[in-house]
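Below is one structure, written out as C-alpha cells, with a few remarks after it.
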Amino acid sequence: MARIAEGHSGEKSGSTLGRVGRYMLVRALTLGISVVIAVYITILIANMGGHVDQIKIGMIDEGIAAWVAADEELLALPRAEREEVIAKTREIRIAALGLDIPFPIRSVRYLTDAMSLDLGHSTTLMSDKGSRFVREILLERLPHTLLLFGTTSLLMFFVALFGALFLSRRYGSKLDQAVIALAPTSAAPAWFYGIFLILIFAAVLRLLPFGGFVAAPPPPTMWEYALSVLRHMVLPVSAMVIGGIFVSIYNWRTFFLIHSSEDYVEMAKAKGLSSGAIERQHILRPTLPPIITSFALMLIGMWMGAIVLETIFGWPGLGSLLWRAMRLFETAVVVGAVVIYAYLLVVTLFLLDIVYAVVDPRVKVGAEGRTS
C-alpha cells in the first residue's frame, strides 16, 4: 500500500511539474510574440515607413557632393568619367548600409538584428570608450538605468508596504488623513517634481549636484566614487519616490483595511494570536498578489517616464540615450533601446506569475495550464 501511495504521489508531482512547465512555456511564447510585434511596429515608426532611410541616402549624396567639390583631381576628369566615379561611389555607400534592398525586406532584417541587438554602428553617437557599435553603446548605459530604477523600486516597495501597514493600524488619524490628501499629487510625473528639487536643493541651497552620474573628475578611490554616485542619485530617486509613494501607500493601506475586516481575521483575534502574527499570516499574505500587480504597473509607468527624467537630471542611462537618438534620427539606437525596455517588461510580467505562486498558495496552475 505504501508503494502504491508513493507511486500515486510521484505521478501527481510529475503531472504538476509538467503542467507548470507547459504553462511557463506557453506564457514565454506569448510574451515573446508580443515583443516581436511591438519591436516591428517600433521599427516602422522609427523609420517612418522608410523615410529615414531616404534621409540617410540624402546625407550620402551630400557627403559625395562635398567630396567632389574638394577633390581637384576628380574635378579635372572628363564629365562622363567623373559622373561614373560618383555613381559607383554612391552605389557602394548605399549598399554598405543595406539601403539598396526594398524596405519591406529590409524591415524584416532590421527586426532579426534588433532582437539580438546586432544593430551595426552609430554614425553620430559613441560609448564612453569610443565605440560606435550600437550594442556596446546600449549595454554601457543599461547598468546606469538598472541602478537608478532598481534602487527606486526597492525603496518605494518597502516604504509603501510598511507605511501602508502602519496607517492601517491608525485608520482615521491625522497622518492617515494627510496621506489621503497627498495621494492626488502622484498624478504629476516624476520629472515634474525633479525640476523643483533641482531648483531648491541644487540651484538655491547648493546641497546636491544638478545632475550627472558622478563628480568630474571622478574620485580616485572606490568608496569616494560610490559616495559620489549615491549623492548624484538623491534627487532623481527622490523625484520618483515623491511621484508615486503617496498613492501607493493609500491604495495598499485600503487593501489592508478591507482584509482586516474579514471573518477569518476576527477568528484569529478570538484565538488570541498576536497582532504581528495576524498581520503576517492573515492580512499581508492574501493582499500581496494585488499589491505586486499594482507595483508592477507602477514600474512600467516609471520606465515610460525614464526618457524625460534621465534627460532632466543628465543621468547617462537608456532614457537620455533614447532622447538623443530620436533627435539625431539614429534609428538603430532607438530600436535597440526599445528592445531592451521590452525585454525588461517581459521579464517583469514573467516573474510576476512565479511570484504569485510563491506568495499565495491559492494561485496555482490548473489542468489546462491556466492560472486560477
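Determine ³J(HN,Hα), in whole Hz, for all residues of segment 44-61 in sequence, where each value follows from phi through the Karplus function 6.51 cos²θ - 1.76 cosθ + 1.60 and θ = phi - 60°; x replaces Gly and Pro.
5, 6, 4, 8, 6, x, x, 5, 5, 5, 5, 5, 5, 5, x, 5, 5, 4
Using helices alone, what [θ] at 222 nm do you get for the chain, with -39,500 (n - 2.57) per DSSP H run of 4 or more residues, divided over all residues and rounded to the nearest 500? Mind showing how you got there, number by number?
Numbers: 15 runs with 271 residues, N = 372.
Roughly -24500 deg cm²/dmol at 222 nm, from the helical runs in the chain.
Residue-wise, which Karplus ³J(HN,Hα) couplings in Hz belong to segment 249-257, taking 6.51 cos²θ - 1.76 cosθ + 1.60, θ = phi - 60°, and x for glycine or proline?
In residue order, the calculated couplings are 4, 5, 5, 5, 4, 5, 4, 5, 5 Hz.
How do W323, W67 rank when sorted from fewest to most other Cβ atoms within 10 Å of their own Cβ?
W67, W323
Residue farthest toward the positive end of the dipole of the chain, with Cβ of Lys/Arg at +1 and Asp/Glu at -1: which of A114, W315, L148?
Towards the positive end, the residue furthest out is L148.
Among S168, S238, what is the fewest-to-most ranking by other Cβ atoms within 10 Å? All intermediate terms of the calculation are to be shown ahead of the outcome.
Details: S168 22, S238 18.
Least crowded to most crowded, the residues run S238, S168.
Take every Cα pair under 8 Å in the chain that's 6+ residues apart, average their separations, divide by the length, and report that relative contact order as a whole percent. Provide the component values of the computation, followed by the final result.
Values: 345 pairs, mean separation 88.5, N = 372.
Relative CO of the chain lands at 24 percent.
So if I place +1 on the C-beta of Lys and Arg and -1 on the C-beta of Asp and Glu, and nothing else carries charge, what would the dipole magnitude of the chain be about its Cα centre? I want it in debye, nearest 20. List each step's numbers first, then the result.
Working: 32 positive and 29 negative charges, 322 e Å.
In total the dipole reaches around 1540 debye.
I want to verify a result. In a Gaussian network model of the chain, Cα cutoff 10 Å, which of these has the top mean-square fluctuation: V159, V247, V68?
Of V159, V247, V68, the most mobile in the Gaussian network model is V68.
Select from segment 259-299 those trypsin sites (Lys or Arg not before Pro) which occupy a DSSP coil region and have at most 10 other Cβ atoms within 10 Å, ordered by residue number. Walk me through the intermediate numbers first.
Working: sites: K269, K271, R280; in loops: K271.
Taking segment 259-299 and a limit of 10 other Cβ atoms within 10 Å, the loop trypsin sites (Lys or Arg not before Pro) found are K271.
For helix 285-304, report the angle its Cα long axis makes with the longest principal axis of the Cα atoms of the chain; keep it between 0 and 90° and round to the nearest 10°.
Roughly 20 degrees, rounded to the nearest 10.
Which residue fluctuates the most in the chain, going by a Gaussian network model with Cα springs under 10 Å, if the choices are L318, L25, L117?
L25
Taking springs between alpha-carbon atoms closer than 10 angstrom, which of R79, R106, R170 fluctuates most in the Gaussian network model of the chain?
R79
Tell me the angle of helix 331-359 to the major Cα principal axis of the chain, expressed in degrees between 0 and 90 and rounded to the nearest ten.
10 degrees
Return the sequence-ordered ³J(HN,Hα) values of segment 145-155 in whole Hz as given by the Karplus equation 6.51 cos²θ - 1.76 cosθ + 1.60 applied to θ = phi - 60°, using x for Gly and Pro.
Going residue by residue, I get 5, 5, 5, 5, 7, x, 4, 5, 5, 4, 4 Hz, with x marking Gly and Pro.
If you build the convex hull over the alpha carbons only and average its shadow over all orientations, what do you get for the chain? Give it in nm² to one decimal.
Working: hull surface 120.2 nm².
Its average projected convex-hull area is 30.1 nm².
Values in this text are rule-based calculations from the coordinates and carry no lab data. Since this is a predicted model, take the numbers as computed values, not measurements. In this analysis, Cβ positions are derived from the backbone assuming ideal geometry, glycine residues included, and neighbour counts consider all displayed protein chains.
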